[in-house]
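The values are calculated or read from the model by the stated rules, or taken from the named source; none is laboratory data. Here the structure is a predicted model, which is why all the values come from computation and not from measurement. Positions of Cβ are backbone-derived with ideal geometry, glycine not excepted, and every protein chain shown enters the neighbour counts. These area figures cover heavy atoms from the full protein model, side chains too; ligands, DNA and RNA do not enter into them. Shrake-Rupley method; radii C 1.70, N 1.55, O 1.52, S 1.80 Å.
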Amino acid sequence: MEAEGLQWFVASLYRLVSWGASAAMIFGGIVPYIPQYRDIRRTQNAEGFSTYVCLMLLVANILRILFWFGRHFESPLLWQSIIMIVTMLLMLKLCTEVRVANDLNTKRRSFTDFDVNFFWHWSRFADYVQCVLAFTGVIGYITYLSLDSVLYVETLGFLAVFTEAMLGVPQLYRNHQNNSTEGMSIKMVLMWTSGDTFKTVYFVLNQAPIQFTICGLLQVVVDITILLQVYLYSGYHQKPILHPTHAGSAKVL
């Protein structure tokens, strides 16, 4: 009887830990962007956040969802992508409204202008939605026609996770150009590092597709490199920002 009770307790504890890990995977990715969103709303200044972060995360998670149709993976990872897409659209909506309100240039740019010089710098949130829908439609149709191709499906999965893994590279480049980490939130980078480490361990323990593990490892390396930049550039004179107030930075282009 005692052995059965112990076995039940261990099984219940395992399920509880499993549910907790799944919940952390689903919602953990959006946590660093909550203070970013609140800061932008409070300061009405989106200078510290690049909408290219939203672009990369939208592309990565749309590709990951399409990859699921060719090769099913854990449900928490699928829900994570859906929630991240919604989160990035909300970030885009806020950033667009703030930027247009502060922009002295009265000329408006739209997605249908098809001007590459102003790609992802449009004046209405609806233009970003149109672009996302167009991208999803085109890639989704190609994926539908190519689901029987193992090479295509695996390449799609690799592109999804590689895009996400490279999210911090623009920030690395910006820091290198400026010889400064001014405007970048160290707290956020620490959150990214801890989150990416947890995510990588989750991938390994749950035997996720190899693409996911590679993605996690690359993200951890990039995060640690950004933290090293904080240390290396701490002795430099930090360059002043253009505005007196700014939002906490994210992985910025």
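The number of residues in segment 137-164 being at pLDDT below 90 and either open to solvent by less than 30 Å² (accessible area, probe 1.4 Å) or of a type in the set (D, E, K, R) (or both) comes to 5. Of everything in segment 167-198 that is open to solvent by 60 Å² or more (accessible area, probe 1.4 Å) and not in a helix (DSSP H, G or I), the residue that is modelled with the lowest pLDDT is GLU182. Number of residues in segment 199-209 that are hydrophobic (A, V, I, L, M, F, W, C) and at pLDDT below 80: the value is 1.
Of the residues making up segment 199-213, not one is surrounded by 14 or more Cβ atoms within 10 Å (Cβ to Cβ), part of a helix (DSSP H, G or I) and over 19 Å from the mean Cα position of the chain (by Cα). Selection of segment 1-52 for residues being in a loop (DSSP other than H, G, I, E, B) and either open to solvent by less than 80 Å² (accessible area, probe 1.4 Å) or touching a helix residue (DSSP H, G or I) at 6+ places or on another chain (Cβ under 6 Å) (or both) yields GLY29, ILE30, VAL31, PRO32, GLN44, ASN45, ALA46, GLY48, PHE49, SER50. Of the numbered criteria (1) open to solvent by less than 30 Å² (accessible area, probe 1.4 Å); (2) of a type outside the set (Val, Ile, Thr); (3) within 30 Å of VAL201 (Cα to Cα); (4) outside any loop (DSSP other than H, G, I, E, B), the one LEU90 fails is (1). Taking segment 69-90 as the range and being over 16 Å from the mean Cα position of the chain (by Cα), closer than 20 Å to ALA21 by Cα and of a type in the set (A, V, I, L, M, F, W, C) as the test, only PHE73 passes.
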